[in-house]
Amino acid sequence: MPSPFSAAGSNPLPLSALNDFLFCPRRAGLKFIEGLRGENEHTVIGDLAHENVDFPGYEQRAGWTLLRALPLFSDKLGLSGKADLIEVHLDESQMANLKSEIRPVVREARPVEYKKGPKRRFDNDEVQLCAQALCLEEMFGITVPAGAIFYAQSERRAEVIFDEALRQLTLSAISNLKSLISNAAIPAAELKPQCEGCSLHEVCLPELARSASAWRAAETRLFTPVD
Ligand code: SF4
């Protein structure tokens, strides 16, 4: 069955797929071509960290309006998803639009992502956040220069600047992820440091790939005639 995200499919790619893709392209392939899902301690704790931001709603704090679980999309980039939190500056006159179907006029916005613990070596949260910013720019016709990542364990908030380098990295990840999915070509397993924390480890079995390749190398050495 073709992936619902393939070139033939009409579904936009989830924003979270970018994080998976940069963590490991095989992981993105297994999830978004094969439809596999996996849970481990990291995913469960991550879900708990999102508990308070997964319900849509808004509040006002320090002059900002905080929009929780706002749906995001980009027709241009073929992306969709949901933001943990978007902090926006609205005109007073736009407050009524938050309760209606009318999209409010947003003057300024910054996306905020919640993460379960301290920053991990292979997470690519900045790219996922930058992709959210690209969606906001298209949705509201504004420039989004910065966002933030909130680390639940340390209760630390780190600012992320959407500079040219991060924007290019994000656009290139989107383009490479789309080719991977439209070609339905899942890369081979390869044992690497990321595998240790990967929730798909048990179905991917990268150790077997390493053993098979070691066996092939040994076989070649054993059966290659010597002069
Ligand atoms: S176990 Fe390793 S190779 Fe397999 S999907 Fe996860 S990170 Fe990628």
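Tabulated values for the structure
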| quantity | calculated |
| --- | --- |
| Vicinal HN-Hα couplings computed from phi for the range 84-90 (Karplus, 6.51 cos²θ - 1.76 cosθ + 1.60; Hz; Gly/Pro x) | 4, 8, 10, 9, 10, 9, 10 |
| Efficiency of FRET from Cβ geometry, E196 and A158, R₀ 25 Å, rounded to 0.05 | 0.60 |
| Fully extended contour minus Cα-Cα distance, from L36 to T143, at 0.36 nm per residue | 34.9 nm |
| Whole-Hz ³J(HN,Hα) from phi, Karplus 6.51 cos²θ - 1.76 cosθ + 1.60, for the range 124-138, glycine and proline x | 10, 5, 5, 5, 4, 5, 5, 5, 4, 4, 5, 5, 4, 4, 6 |
| Karplus (6.51, -1.76, 1.60) ³J(HN,Hα), θ = phi - 60°, over the range 163-174, in Hz, Gly and Pro reported as x | 7, 4, 5, 5, 5, 5, 4, 5, 5, 6, 5, 4 |
| FRET efficiency estimate (nearest 0.05) - Cβ-Cβ, A209 to S179, R0 35 angstrom | 0.95 |
| Computed label-point distance, nm, for sites A165 and M95 using a 7 Å Cα→Cβ extension | 4.2 nm |
| 5 angstrom amide H check on L79, placed H, neighbours 5+ away | L13, S74 |
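Coordinate-derived values only; no laboratory data. Because the structure is predicted, anything quoted here is derived from the model rather than measured. Reconstructed Cβ throughout: ideal geometry from the backbone, glycine too, with neighbour counts over all protein chains shown.
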